[in-house]
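Below is one structure, written out as structure tokens; the observations come after it.
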């Protein structure tokens, strides 16, 4: 006796629905309102996600542009580094040549000085005696001085050039260091931008996937809304009251209400993740009544403690797996001859009712369970309904039965 709606994106778990006329019609209508509101929120979420996708695409394009700009800057810096490296090498070649020229001039100077000092005073005297006149000797001395001065001037010029070249090379080395630092900074910037782009690409993929999921859940919500509307229409026609073939009898001493909508201590007692006795406990409450009919002393809550149930976020949450309070044969196709025989033998029978053709998706399309205790002379059956008194169902709605014995 249930209808659970679970939307994965918003984790919408609507309150379980007991498909009977009086209480559950209002509940179904409320659930439809909740679902319509959730659908509206879902639509708003899709719109927001699509806007986020557009924003992400713009951000990704911007970052990609920055990456391209930085890549071009790195390429330009690489070219400048190559050019500067070549300039440094050329300057070093010129410096080496200047040093070689200096070494050659200094070697020439050494020879002149060596020749000068080798001749000494005797050389000067021989120079004077060997000359035709004193003016010739003076001219030779002047020649030595002139050559020496020229060599010294040339050495000074070359040293000046070497110093200038060394200064230029130092500047180029500094520029090369700065260019290397610039490139490292540019590479770091590119890596940072690439990581941002990767992150935004991943976020874009996740967001697009979320939109797909939302759209899928929106389609499911539309189908559920249509199904709810159809069920509401059918249930609105399901009330027959005392005119039914199954009618409420005077409550027995062992009668229990499952507490749908509250009012019982066990109404909110959990049988699954979200299923409660008040919402889903018509079968458990029916079994509890029969157990007490046979002399046991259970309440729906203590009966739940001695039973096992499905635990899932799906529509089968709270479905009974087994119980130790009675010997339950399980549901089987309705056989009124068997029901009549059981009642004649003093054994109440659990009947599964499909309210006005509302199929709950189980083996027999059962929406609700009740206990029948007697068959009247007019052919009607007396029932104890977990949902309350003054209720009635058509015989054609009964699809299943469960034969119960005490343990």
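The values are calculated or read from the model by the stated rules, or taken from the named source; none is laboratory data. Values in this document were obtained by computation on a predicted structure and should not be read as measured data. A quick note on method: Cβ atoms are made from the backbone with ideal geometry, for glycine too, and the neighbour counts reach across all protein chains shown.
Tell me which residues, restricted to region 314-324, are surrounded by 14 or more Cβ atoms within 10 Å (Cβ to Cβ) and either part of a helix (DSSP H, G or I) or touching a strand residue (DSSP E or B) at 6+ places or on another chain (Cβ under 7 Å) (or both). Please lay out each step first, then the result.
At the first step, the residues of region 314-324 found to be surrounded by 14 or more Cβ atoms within 10 Å (Cβ to Cβ) are 315-320, 323.
Result: 318, 319, 320, 323.
Consider residue 199 carefully, then state whether it is surrounded by fewer than 13 Cβ atoms within 10 Å (Cβ to Cβ) and either assigned to a helix (DSSP H, G or I) or in contact with a helix residue (DSSP H, G or I) (Cβ under 9 Å, 6 or more places away or on another chain) (or both). Please lay out each step first, then the result.
Values: surrounded by fewer than 13 Cβ atoms within 10 Å (Cβ to Cβ): yes; either assigned to a helix (DSSP H, G or I) or in contact with a helix residue (DSSP H, G or I) (Cβ under 9 Å, 6 or more places away or on another chain) (or both): yes.
Yes.
On the basis of being modelled with pLDDT of 90 or more, farther than 30 Å from residue 206 by Cβ and part of a helix (DSSP H, G or I), does residue 82 make the cut? Steps first, please.
On the way: modelled with pLDDT of 90 or more: yes; farther than 30 Å from residue 206 by Cβ: yes; part of a helix (DSSP H, G or I): yes.
So residue 82 passes the test.
Those residues that are closer than 17 Å to residue 404 by Cβ and in contact with a strand residue (DSSP E or B) (Cβ under 7 Å, 6 or more places away or on another chain), I need them from region 276-294; list them, please.
Start the filter on region 276-294 by keeping residues that are closer than 17 Å to residue 404 by Cβ, which leaves 281-294.
Those that are closer than 17 Å to residue 404 by Cβ and in contact with a strand residue (DSSP E or B) (Cβ under 7 Å, 6 or more places away or on another chain): 282, 283, 284, 286, 287, 289, 290, 291, 294.
Just checking, does region 353-367 include any residue being at pLDDT below 95, in a strand (DSSP E or B) and at negative phi? Walk me through how you get there before you give the answer.
Step one: list which residues in region 353-367 are at pLDDT below 95, which gives 353-367.
Keeping just the survivors that are in a strand (DSSP E or B) gives 353.
Adding the requirement that they be at negative phi leaves 353.
For region 353-367, residues at pLDDT below 95, in a strand (DSSP E or B) and at negative phi: present.
Here is a yes/no grid of residues against (1) under 60 Å from the mean Cα position of the chain (by Cα); (2) surrounded by fewer than 17 Cβ atoms within 10 Å (Cβ to Cβ):
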| site | (1), (2) |
| --- | --- |
| 44 | yes, yes |
| 64 | yes, yes |
| 71 | yes, yes |
| 75 | yes, yes |
| 91 | yes, no |
| 95 | no, no |
| 102 | no, no |
| 107 | no, yes |
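Conditions tested, residue by residue: (1) over 30 Å from residue 159 (Cα atoms); (2) without any contact (Cβ under 8 Å) to a residue 24 or more places away in the chain.
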| residue | (1), (2) |
| --- | --- |
| 71 | yes, no |
| 76 | yes, yes |
| 79 | yes, yes |
| 82 | no, yes |
| 87 | no, no |
| 91 | no, no |
| 94 | no, no |
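Considering only region 285-296, I want to know if a residue exists there that is free of Cβ contacts under 8 Å to residues at least 12 places away in the same chain and over 18 Å from residue 399 (Cα atoms). Give the steps one after another, and end with the answer.
Of all residues in region 285-296, those free of Cβ contacts under 8 Å to residues at least 12 places away in the same chain come to none.
For region 285-296, residues free of Cβ contacts under 8 Å to residues at least 12 places away in the same chain and over 18 Å from residue 399 (Cα atoms): absent.
Of 293, 273, 298, 280, which residue is under 30 Å from residue 377 (Cβ atoms) and either under 43 Å from the mean Cα position of the chain (by Cα) or surrounded by 17 or more Cβ atoms within 10 Å (Cβ to Cβ) (or both)? Spell out the reasoning first.
Working: 273 fails: under 30 Å from residue 377 (Cβ atoms); 298 fails: under 30 Å from residue 377 (Cβ atoms); 280 fails: under 30 Å from residue 377 (Cβ atoms).
Sole residue among the options that is under 30 Å from residue 377 (Cβ atoms) and either under 43 Å from the mean Cα position of the chain (by Cα) or surrounded by 17 or more Cβ atoms within 10 Å (Cβ to Cβ) (or both): 293.
Say whether the condition of being in the same structural domain as residue 246 (by TED's automatic domain parsing) and assigned to a strand (DSSP E or B) is met by at least one residue in region 386-394. Before the answer, list the steps.
Residues of region 386-394 that are in the same structural domain as residue 246 (by TED's automatic domain parsing), as a first pass: 386-394.
Then drop every residue that is not assigned to a strand (DSSP E or B), which leaves 392-393.
Within region 386-394, one or more residues are in the same structural domain as residue 246 (by TED's automatic domain parsing) and assigned to a strand (DSSP E or B).
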